[in-house]
Amino acid sequence: MPDLSSFSSVPPASSPADEVKSCCAAAYGTDAVALLLGEAYHPGGRALTREMAQALRVGTGDRVLDAACGPGATARLLAAERGARVDGVDLGAPTLERARALTREAELEDRVAFLHGDAEHLPVPDGAYDALVCECALCTFPGKRAAAAEFARVLRPGGRVGVTDVVVEGGLPRELAGIAGWIACIADALPTSGYLELLEGAGLRVGLVERHDAALERMVDRIEARLRVLAMAAPERLAEAGVDGEAVAPYLEAARRAVQEGRVGYALFTAEKPA
């Protein structure tokens, strides 16, 4: 693994953009998100992660960076199933604590490590990785161009990047346009062309572009189903996590409607750093 000891982690919050990032990181570290989303915090779950890993040709001994890694599900999968050595970076300290605990339970500490850091200022050296993945997170970064440039910086020549993310091809319902929509990975998502421009603008050669809109709708359905079951069987768990099912319902319905109307979808992008 690369030597990361000399690299700093998170710059102090000092702007509205930093405040948005801190808010999102805090939200994803809550019990409510863990309760409603489970281990995988992105549409498509493990199946889409496996498809991305295959497209990136992740193999035994490859060094992989998971940017905005959340609780580490992707990092552990790449280590356990593809034999990679993975560093996960996330801005949420409580989220990283959970990621480390789950990784200890999975006995993968020798192949998976986690760093507290900002994806727009990755705390790792240049050219350290064979591949980088970022799942359902780039759309929440205020500084998307800075993040894309960082993705390119940390890859070795010939390294590959895989991004799965929400795409917005039309206007959003007003319910999804504020901070709640941002935390839900929708409010600042780009059209497909926007992600291509980001990757190409960072000097990366785009390869695969693949839509997975059904995965986003299934995720909405899964959250709604979990809410119903918990409301009937364990309302105390919802209360302890601070989840108000009636308040969440309009956001879920707005998201489902936007997907069905073709205004919001989900996509997989891969790209390569020129050798």
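The values are calculated or read from the model by the stated rules, or taken from the named source; none is laboratory data. For clarity, every value in this text was computed on a predicted model and none was experimentally measured. Glycine gets a Cβ as well: all are built from the backbone with ideal geometry, and neighbour counts include every protein chain shown. Protein only, heavy atoms only, side chains kept; ligands, DNA and RNA dropped before computing areas. Shrake-Rupley method; radii C 1.70, N 1.55, O 1.52, S 1.80 Å.
Descriptive notes on the structure:
- Looking only at region 143-169, residues that are open to solvent by 10 Å² or more (accessible area, probe 1.4 Å), over 18 Å from Arg205 (Cβ atoms) and out of contact with any Pro (no Cβ under 8 Å at 6 or more places or on another chain) come to 3 in all.
- Verdict on Val89 being in contact with a Ser or Thr (Cβ under 6 Å, 6 or more places away or on another chain), of a type outside the set (Lys, Arg) and open to solvent by less than 40 Å² (accessible area, probe 1.4 Å): no
- Residue in region 130-144 that is farthest from Thr74 (Cα to Cα), counting only those that are in contact with a Leu (Cβ under 7 Å, 6 or more places away or on another chain) and in a helix (DSSP H, G or I): Lys144
- Residues in region 253-275 that are in contact with an Asp or Glu (Cβ under 9 Å, 6 or more places away or on another chain) and open to solvent by 20 Å² or more (accessible area, probe 1.4 Å): Glu253, Arg256, Gln260, Gly262, Arg263.
- Residue check: Tyr129 meets all listed conditions (1) open to solvent by 10 Å² or more (accessible area, probe 1.4 Å); (2) farther than 14 Å from Val163 by Cα but one, namely (1).
- Of all the numbered requirements in (1) modelled with pLDDT under 75; (2) of a type outside the set (Ser, Thr, Tyr); (3) assigned to a helix (DSSP H, G or I), Ala258 misses one, and that requirement is (1).
- Spans of helices (runs of 4 or more DSSP H) in region 163-234 with at least 2 residues within 19 Å of the chain's Cα centre (by Cα), modelled with pLDDT under 85 and over 29 Å from Leu132 (Cα atoms): none
- Hey, Val124 outside any helix (DSSP H, G or I), buried (at least 17 other Cβ atoms within 10 Å of the Cβ), modelled with pLDDT of 95 or more and under 14 Å from the mean Cα position of the chain (by Cα) or not: no
- Selection over region 46-68 of residues that are open to solvent by 10 Å² or more (accessible area, probe 1.4 Å) and not in a helix (DSSP H, G or I) gives a count of 7.
- Boolean, Arg111 is farther than 24 Å from Gly44 by Cβ, touching a helix residue (DSSP H, G or I) at 6+ places or on another chain (Cβ under 9 Å), of a type in the set (D, E, K, R) and open to solvent by 40 Å² or more (accessible area, probe 1.4 Å): no
- Residue in region 69-81 that is surrounded by the most Cβ atoms within 10 Å (Cβ to Cβ), counting only those that are closer than 17 Å to Asp118 by Cα and out of contact with any Gly (no Cβ under 6 Å at 6 or more places or on another chain): Pro71
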